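Data first, discussion second: the structure below is written as structure tokens.
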Amino acid sequence: MAEQTTSYQDEPATRSRFGMPAPGQALEGPLLAWILLAPALLLLIVVIFYPVAHTIWLSFHSLNLSEPLNNHWIGWRNYKNILTNPVFGFWNAVRFSILFSVAVTVISFVIGFAFALILNERIRFQTLWRGLALIPWVIPYVVVAYLFFYMFNSQYGIVNDVLTSINLFGWRPVPHPLGWYGGTGTLARVAVITAAIWNRFPFFTLMLLAGLQTLPQDLFDAAKVDGAGAFARFKLVTLPGLRGIIAVVTTLSLIWSLNEFAIIWAMTNGGPGVATDNMVIHIYRAAFIEQGISRAATMSTVWLLMLLVFTYFYVRIMEGKAGVE
Amino acid sequence: MSVHALTPRTRKRIGRFFLYVALAILMVYAFFPTFWLISTSLKPQLEAFQNPPTWIPHTITFHSYRILPEDHAGFVQYLKNSFIVGIATTVITLIAAAHAGYALSRFRFRGARSLVLLILATQMFPYVTILISLYTLFRQLHLLNTYQALILAFTAFSLPFSIWMMKGFCDTVPADLEEAARVDGASRLRALYDVLLPVIAPGVVAIGLFTFLTAWNELLFALTLTSSPNMRTIPPGFVLTYIGEFQDRWPDMMAASVVVSIPVIILFTIFQRQLVRGLTAGAVKG
């Protein structure tokens, strides 16, 4: 943990140990710190911590909005149900959430990194390309969703048009238009992941480009003098220099993808069947469409616990990063 | 002939060539969907259903843009709501995060370390865990269908990341800088406002942009916490409009999409330099 070595540790002798100011002096010390923190903490307590606690409480009840009066303590029954009975689709949603997040993060990281490396070279119209590369990131999620929904349309979408027109010396990998939103749902998964990747890669480009610019140029020069080729320089100088930022941005991307709702909901509603049903959509549907509040609360709680394990690593990465400075 | 037999100059030229080829491929990938969005928005209704699709519209028409204000009931209202909620969320987040980040960076007090960890962990809470109970809470407080509900929710979601970033920015500035000002008789807050904030301004802009983008994009809570069309922001407005009566009116939908994308694109273009400078200075270090 990086404590500020420059923090004000020594309070002037005129102050009490609680930091109460002596008459005529400005507020100081821990009291002032808590006052400065108060608005943010108040908001976090009301909008995040209280609701989470209430959700956990609900998960031990039998609240269903179709019969709201039948709400009583039922212990672990909800947990047993969702964890053991496949009817509730919990594990399916867990699997797709992880698949979606890992696929989106890994692929958009590779694309975004490639972009960052190219845009970091001396090229013509650099600023223009950098600006254009950012656009997919700032286009609203729902717009991205509907745009890709249209592009992946089975009858008149541009994706099918391009795929079916591929003809390599008589070999046509996709002879017939694909039904993207039907069948087993594999193609629907590809479609939502493709849309999310296009929306995500500029974030990596932006952050990694910023990171690349902090790398000291003389390290590259030294490596060059030592005869290191482009690939060796990338492996020995670029990657180690960016390790901290790579850890941060990939973790952030994983978190955002695990929370993804807009792109999937607007494109497929979780379908066909439950093929693109991630945890957020699954819980949203359970709570607000099927009205099973307590069941949704139970799944939320288990999901929260699973993500907390992940958080443990996340916090350690962040702390490790702060410690380097 | 092996690559090594080439003169350094030729090798460099070949390298440049491949660099530009790679740039071209990536730019096509980055820009094609946006091109398709604009192209479709300029097509007449029927042309959007043509198979094979036309790349450049045969007939270019601005009809979809012209009918936007009156045709899509509520479209202007969604845009207005998104601006109100987005700006308010950004302002409140920046104020709260600046003070909290400053306190965590500059003060030592009991629990400070746990607090930083707690705030980082909050970042990981799945939003959907909060949704169910927040909906119930806001219903009891009669906050459903109000700007306040959306602003409170979006601010709380943006805060953990913003506080953490702000603390990082403050950490990069030596405390001597403020100390000099404080010796001159300025109070703590004066030092924050007059000395520290101007120095970390690019970082503040970066946090503001992230926050605005989050509020502008959010669908799950906007959909749940509002039910009246008057209160909807763009994302729920879009979902509910285009799943209903306007379904399959592609050019109209794409025209509306272009219009709602423009404000954020302008915003990011204006502040791009500060954004990169801010990220370079703070978040990326280490």
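The values are calculated or read from the model by the stated rules, or taken from the named source; none is laboratory data. All values derive from a computational prediction rather than experimental measurement. Ideal geometry is used to build each Cβ from the backbone, glycine not excepted, and the neighbour counts take in all protein chains shown. The area values use the complete protein model at the heavy-atom level, side chains included, leaving out ligands, DNA and RNA. Shrake-Rupley method; radii C 1.70, N 1.55, O 1.52, S 1.80 Å.
General observations
- Restricting attention to the stretch A:252-262, the residues that are at the interface with chain B (Cβ under 9 Å from one of its Cβ atoms) and either in contact (Cβ under 8 Å) with a residue 24 or more places away in the chain or surrounded by fewer than 23 Cβ atoms within 10 Å (Cβ to Cβ) (or both) add up to 5.
The rows are residues; the columns are (1) more than 19 Å from residue B:137 (Cα to Cα); (2) modelled with pLDDT of 95 or more; (3) out of contact with any strand residue (DSSP E or B) (no Cβ under 9 Å at 6 or more places or on another chain); (4) among the hydroxyl-bearing types (Ser, Thr, Tyr).
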position: A:57; (1), (2), (3), (4): no, no, yes, no
position: A:63; (1), (2), (3), (4): no, no, yes, no
position: A:68; (1), (2), (3), (4): no, no, yes, no
position: A:71; (1), (2), (3), (4): no, no, no, no
position: A:83; (1), (2), (3), (4): yes, no, yes, no
position: A:92; (1), (2), (3), (4): yes, no, yes, no
position: A:105; (1), (2), (3), (4): yes, yes, yes, yes
position: A:115; (1), (2), (3), (4): yes, no, yes, no
position: A:118; (1), (2), (3), (4): yes, no, yes, no
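- Some residue of the stretch A:101-110 being open to solvent by 40 Å² or more (accessible area, probe 1.4 Å), within 17 Å of the chain's Cα centre (by Cα) and over 30 Å from residue B:262 (Cα atoms): yes
- Options B:131, B:209, B:213, B:144; residue that is touching a residue at least 12 places away in the same chain (Cβ under 8 Å) and not in a helix (DSSP H, G or I): B:144
- All of (1) in contact with a Pro (Cβ under 9 Å, 6 or more places away or on another chain); (2) open to solvent by 50 Å² or more (accessible area, probe 1.4 Å); (3) in contact (Cβ under 8 Å) with a residue 40 or more places away in the chain hold for residue B:108 with one exception: (3).
- In this structure, residue A:320 does satisfy being more than 7 Å from chain B (Cβ to nearest Cβ), modelled with pLDDT under 85, over 30 Å from residue A:187 (Cα atoms) and within 21 Å of the chain's Cα centre (by Cα).
Conditions tested, residue by residue: (1) within 12 Å of chain B (Cβ to nearest Cβ); (2) within 30 Å of residue A:138 (Cβ to Cβ).
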position	(1), (2)
A:219	no, no
A:234	no, yes
A:243	yes, yes
A:247	yes, yes
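- Residue list for the stretch B:158-177, filter: assigned to a helix (DSSP H, G or I), touching a residue at least 60 places away in the same chain (Cβ under 8 Å) and either farther than 30 Å from residue B:85 by Cα or more than 7 Å from chain A (Cβ to nearest Cβ) (or both): B:158, B:162, B:164, B:165, B:166, B:167, B:168, B:169, B:170, B:171
- Test: residue B:220 is within 8 Å of chain A (Cβ to nearest Cβ) and either over 23 Å from residue B:277 (Cβ atoms) or within 23 Å of the chain's Cα centre (by Cα) (or both): yes
- Hits in the stretch A:119-147 - residues which are basic (Lys, Arg) and not in a helix (DSSP H, G or I): A:122, A:124
- Qualifying residue in the stretch A:81-95 (condition: touching a helix residue (DSSP H, G or I) at 6+ places or on another chain (Cβ under 7 Å) and among the polar types (S, T, N, Q)): yes
- Qualifying residue in the stretch A:149-165 (condition: among the aromatic types (Phe, Trp, Tyr) and away from chain B (no Cβ under 14 Å)): no
- Qualifying residue in the stretch B:23-41 (condition: free of Cβ contacts under 8 Å to residues at least 60 places away in the same chain, loosely packed, with under 14 Cβ neighbours inside 10 Å and polar (S, T, N, Q)): no
- Filter result (surrounded by fewer than 19 Cβ atoms within 10 Å (Cβ to Cβ), among the β-branched types (Val, Ile, Thr) and modelled with pLDDT of 85 or more) within the stretch A:3-51: A:35, A:45, A:46
A quick yes/no check of all residues on (1) farther than 30 Å from residue B:160 by Cβ; (2) at pLDDT below 85:
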| residue | (1), (2) |
| --- | --- |
| A:176 | yes, no |
| A:185 | yes, no |
| A:209 | no, no |
| A:248 | no, yes |
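- So residue B:152, is it within 20 Å of the chain's Cα centre (by Cα), modelled with pLDDT of 90 or more and more than 9 Å from chain A (Cβ to nearest Cβ): no
- Residues located in the stretch B:216-267, provided they are open to solvent by 30 Å² or more (accessible area, probe 1.4 Å) and not in a helix (DSSP H, G or I): B:227, B:228, B:232, B:244, B:245, B:247, B:248, B:249
- Screening the candidates A:109, A:115 for the property of being within 29 Å of residue B:157 (Cα to Cα) and part of a helix (DSSP H, G or I) yields one hit, A:109.
- Residue B:121 being within 7 Å of chain A (Cβ to nearest Cβ), in contact (Cβ under 8 Å) with a residue 60 or more places away in the chain and hydrophobic (A, V, I, L, M, F, W, C): no
- Within the stretch B:132-144, the residues that satisfy the criterion of being open to solvent by less than 50 Å² (accessible area, probe 1.4 Å) and farther than 13 Å from residue A:54 by Cβ are B:143, B:144.
- Listed conditions (1) assigned to a helix (DSSP H, G or I); (2) within 20 Å of residue A:163 (Cα to Cα); (3) out of contact with any Phe, Trp or Tyr (no Cβ under 9 Å at 6 or more places or on another chain) are all met by residue B:35, apart from (3).
- Considering the conditions (1) in the same structural domain as residue B:229 (by TED's automatic domain parsing); (2) open to solvent by 50 Å² or more (accessible area, probe 1.4 Å), residue B:90 is excluded by exactly one of them, (2).
- Any hit, the stretch A:148-158, residues being among the aliphatic types (A, V, I, L, M) and touching a Leu at 6+ places or on another chain (Cβ under 8 Å): no
- Some residue of the stretch A:264-275 being more than 17 Å from residue B:222 (Cα to Cα), in a helix (DSSP H, G or I) and facing another protein chain (nearest Cβ under 7 Å): no
- Residue list for the stretch B:48-77, filter: more than 10 Å from chain A (Cβ to nearest Cβ) and assigned to a helix (DSSP H, G or I): B:63, B:64, B:65, B:66, B:68, B:69, B:70, B:71, B:75, B:76, B:77
- Any hit, the stretch B:202-212, residues being of a type in the set (Val, Ile, Thr) and over 30 Å from residue B:265 (Cα atoms): no
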